[in-house]
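What follows is a short report on a single structure.
Since every read-out is calculated from the coordinates, none of them should be taken as a lab result. Predicted, not measured: the structure shown is a model, and the values here were computed from it. Please note: Cβ atoms are built from the backbone with ideal geometry, for glycine as well, and neighbour counts cover all protein chains shown.
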Amino acid sequence: MRKAIHWLDANLEEFLLVMMLVAMTFIMGIQVFCRYVLNMSLSWSEELTRYIFIWCGFLSVSYCSKRCLSIKIEQFVAMFSRRKKALIKVINHTCELLFFLFMLPASFAYMMSAVYSGQVSPACSIPMYYVQAAPFVSFLLVTFRILQRWIIEFQVARGKPVFDPAHPERNTPESFIEANTDMDERHATEEPTQKEDG
């Protein structure tokens, strides 16, 4: 059971995204074959592929949050030590967490609106709440992943050793020592200056 939970924690988004990409490729391959070989067009393939693509887009937000893959400018943050960088990331993750917690009720209401209306897709007759559930499920996963990142960065900011799956270079004893050298270096530079002044 623990192995299964650990595998899901490490690979859930990747597994779902790969399966959906395979499904989209297979469906569109069938559509191309039917159109150019059998001279007939499928009415459901493009619609189903579009809905799978929507799910891929929302799930990729959770994947990027887990792997720390986002568009950002790090010139300012790069000037600080690792512990100070982690502190800045804690503030950043707190803002992200508040945003997605704010978005959860709205995405849930959006999903439930399709449940109450009973709307179905025109070609596949798929209940639209399957499609409109994508934002709610995605924001739940993103909230969980951001909370994981918050805990990791908070531990790094405190100078504690912590396993970081998004940054394997942090998971070595040398990396932990490096994260705490900034305080030691300051003490080492302050002591000679104090002796010279004396």
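Using a basic spin-label model with each label point 7 Å from the Cα along Cα→Cβ, how many nm lie between residue 60 and residue 11?
Inter-label distance under the simple model: 2.2 nm.
Considering amide H positions built from the backbone, and no H for Pro or chain starts, which residues 5 or more places from residue 128, or on another chain, come under 5 Å of its amide H?
Close amide H contacts, sequence-distant or interchain: 119, 120, 121.
For a quick check: sort 56, 34 by the number of other beta carbons within 10 angstrom, fewest at the front.
Working: 56 19, 34 14.
Ascending number of Cβ neighbours within 10 Å: 34, 56.
What nm value, rounded to one decimal, do you get for the distance between residue 98 and residue 78 when each label is placed 7 Å out toward the C-beta?
In this crude label model, residue 98 to residue 78 measures out at 2.9 nm.
Looking at region 60-152, which chymotrypsin sites (Phe, Trp or Tyr not before Pro) are in a loop (DSSP not H, G, I, E or B) and have at most 14 other Cβ atoms within 10 Å? The partial results should precede the final answer.
Details: sites: 63, 76, 80, 99, 100, 102, 108, 110, 116, 129, 130, 136, 139, 144, 150; in loops: 76, 80.
For chymotrypsin sites (Phe, Trp or Tyr not before Pro) across region 60-152 that sit outside H, G, I, E and B with at most 14 neighbouring Cβ atoms in 10 Å, the list reads 76, 80.
As a quick test, which of the pairs 85/160; 84/160; 66/160; 3/72; 72/160; 3/85 have an alpha carbon distance above 22 angstrom in this structure?
3/72; 72/160; 3/85
First obtain the Kirkwood hydrodynamic radius of region 36-145 from its Cα pairs, then insert it into the Stokes-Einstein equation at 4 °C and 1.567 mPa s, and state the resulting D in µm² per second as a whole number. Don't jump to the answer; show the numbers that get you there.
Numbers: Rh = 16.7 Å.
D = 78 µm²/s.
Karplus couplings for region 37-42 from phi (6.51 cos²θ - 1.76 cosθ + 1.60, θ = phi - 60°), rounded to Hz, Gly and Pro as x?
Per residue, the Karplus-derived 3J(HN,Hα) values read 9, 8, 6, 9, 10, 7 Hz.
Cβ under 14 Å from residue 77's Cβ, residue 77 left aside: what net charge do those residues give with Lys, Arg +1 and Asp, Glu -1?
On the way: positive: 72, 82, 83, 84, 85, 89; negative: 74, 153.
Charge balance near residue 77 sits at +4.
In whole Hz, with x marking every Gly and Pro, tabulate ³J(HN,Hα) for region 43-51 from phi via Karplus 6.51 cos²θ - 1.76 cosθ + 1.60, θ = phi - 60°.
8, 9, 5, 5, 5, 5, 5, 5, 5
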